[in-house]
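Peer 1: After the structure tokens below, expect a handful of questions from me.
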Amino acid sequence: MRTADGARWPVRAPLVLLLAMWLAVAGCGYGSRAPDVAAVPEYAGSGPPLSAESVSIGYFANVTHATALAGVREGFFTEELGGTRLRTQVFNGGPAALEALNAGAVDIAWMGPSPAVNGYLRSGGRALRIVSGAASGGVALVVDPDAGAGDTDVRGLRIATPEAGNTQDVALLHWIRQQGWEVDPRTGRGDVTVVRQSVKEIPTSFRRGAIDGAWVPEPVAALLVAEGGRVVVDEADLWEGGAYVTALVVVSPSFLADHPDVVEAVLRGSARTNTWLAEHPREGRASVNRAIDALTGRPIDEDVLAAAWARVRLGDDPLAATLAEQADRAQDLDLLGPEGRSKGPSAEDLRGVFDLRALNRVRAGLGEPPVSDAGLGVAVDGD
């Protein structure tokens, strides 16, 4: 419902103000160009260190990085690392995390598939390796029901995404093409106006009527629904089995080569955290929210967090085939790879982006089957 000047009525205004303040601090980690990071104290377990005296991990203060948030808070990582000190940094977005990884400021980072793939391609494979999955799902197209759209017809509307060429931007543009509509991927102009906007600005723009909807990750999608928005597309419905990768764990290739035992310890801690979160959903959700509160100064509203949590699947399978599909879509839109290329990357260009050997050793130790790299893994003896 809108006021006379076109703005939305402030439905649940206290919630909007609270979440807007949280987003301004957290940056939500999707597409934000802000370079600043928040450093938190290092953690130490007991016993002798592994091959490295310390390891630095980076992640975002949001729901798809719940494993890192809870794993640090509940001590799963430090228990596996023994005397190796754990250092952490919290980033506002993928570009900042990738820059820190390239600079050696962090050794391991949680990030979305688009920055991971672009970082790999732009560096010629030197920047990173994907060593695990982290999360699937948790992305939706939410539209103001008063904007005049049909069931799924959003032609003529202003739909926001976090950043040009980011994971959600590519998903929206691909979906638009599937509907038979035309939009210029670079300018965002066409049958639908695609507005590239920071996630910390999207809720306010939606409330003010500056945009009609957004294709966004959690918890922003749940926040827009709490503001009266309607889920037009849950991206999970567009993928076979509802599974598609939204967060990955990446590592510096040099750190992986020099300290494979440390990387494996972090992945064991990640696996233990995911098991704990699955077995204790209420306690786990509260732990993640307390971590977000500690890092940003603002917890997520309980109702919004519960709705967001229900759409996200945490797990270590990187769903490599869906990453390859996302890369193909970005290639078709000419939004992937080094600028100035005559054509987008091929599957061969992405060969080596995955190194799942440590993860599969962890899974074997847990009695679980190996996960696939969809033919995009590093070459090993016998390949």
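The values are calculated or read from the model by the stated rules, or taken from the named source; none is laboratory data. Quantities reported herein were computed from a predicted structural model and do not represent experimental measurements. So basically every Cβ, Gly included, is an ideal-geometry build from the backbone, and we count neighbours across all protein chains shown. Heavy atoms of the whole protein, side chains included, go into the accessibility calculation; ligands, DNA and RNA do not. Shrake-Rupley method; radii C 1.70, N 1.55, O 1.52, S 1.80 Å.
Peer 1: Starting at 0 and stepping by 5 Å, how many percent of the alpha carbon pairs of the stretch 159-242 end up in each bin?
Peer 2: 3, 15, 27, 26, 19, 9, 1, 0
Peer 1: Hey, any idea what % of the stretch 121-210's accessible area is carbon plus sulfur with a 1.4 Å probe?
Peer 2: 39 percent
Peer 1: Compute the Rg to Rh ratio over the stretch 197-299 from the alpha carbon atoms, using the Kirkwood formula for Rh, and round to two decimal places.
Peer 2: 1.05
Peer 1: Now a separate question. Could you order 182, 283, 163, 325 so the one with the most accessible surface comes first? Probe is 1.4 Å.
Peer 2: Ranked list, largest accessible area first: 182, 283, 325, 163.
Peer 1: With θ set to phi - 60°, apply the Karplus curve 6.51 cos²θ - 1.76 cosθ + 1.60 along the stretch 321-327 and write out the HN-Hα couplings as whole Hz, x wherever there is a Gly or Pro.
Peer 2: 5, 6, 5, 4, 5, 4, 5
Peer 1: In nanometres, what is the gap between the two model label sites at residue 123 and residue 286, each 7 Å from Cα along Cα-to-Cβ?
Peer 2: Here the modelled spin labels are 4.0 nm apart.
Peer 1: Kindly report the accessible area of the stretch 217-349 per residue (heavy atoms of protein chains, probe 1.4 Å, no ligands, DNA or RNA), in Å².
Peer 2: So the stretch 217-349 comes to 41 Å² accessible per residue, rounded to a whole number.
Peer 1: When only the heavy atoms of the protein chains count and the probe is 1.4 Å, how do 240, 79, 368 rank by accessible area, highest first?
Peer 2: Final ranking, largest accessible area leading: 240, 79, 368.
Peer 1: Can you give the log10 of the normalised intensity I(q)/I(0) at q = 0.15, 0.25, 0.28 Å⁻¹, computed with Debye over equal Cα scatterers of the stretch 125-193?
Peer 2: -0.58, -1.21, -1.42
Peer 1: Still on this structure, I have one more. Could you report the accessible area of residue 72 in Å², rounded to 10, computed with a 1.4 Å probe on the protein chains as they sit in the structure?
Peer 2: Here the accessible area works out near 10 Å².
Peer 1: Along each of its three principal axes, how wide is the spread of alpha-carbon positions in the stretch 43-118, in whole angstrom units, largest first?
Peer 2: 38, 26, 16
Peer 1: What is the Cα centroid distance between the stretch 82-135 and the stretch 156-220, reported in whole angstrom?
Peer 2: The stretch 82-135 and the stretch 156-220 have Cα centres spaced 26 Å from each other.
Peer 1: So who's got an amide H within less than 5 Å of the one on residue 133, skipping anything under 5 residues away but keeping other chains? H placed 1.01 Å off N, in plane.
Peer 2: Placed amide hydrogens put 249, 317 under 5 Å from residue 133.
Peer 1: Would the stretch 256-336 count as rounded, prolate or oblate if I go by the C-alpha gyration tensor, calling it rounded below 1.5 in a/c and otherwise prolate when a/b exceeds b/c, oblate otherwise?
Peer 2: oblate
Peer 1: Per residue, how much accessible area does the stretch 38-146 show when a 1.4 Å probe rolls over the protein heavy atoms, in square angstrom?
Peer 2: With all protein chains present, the stretch 38-146 gives 29 Å² per residue.
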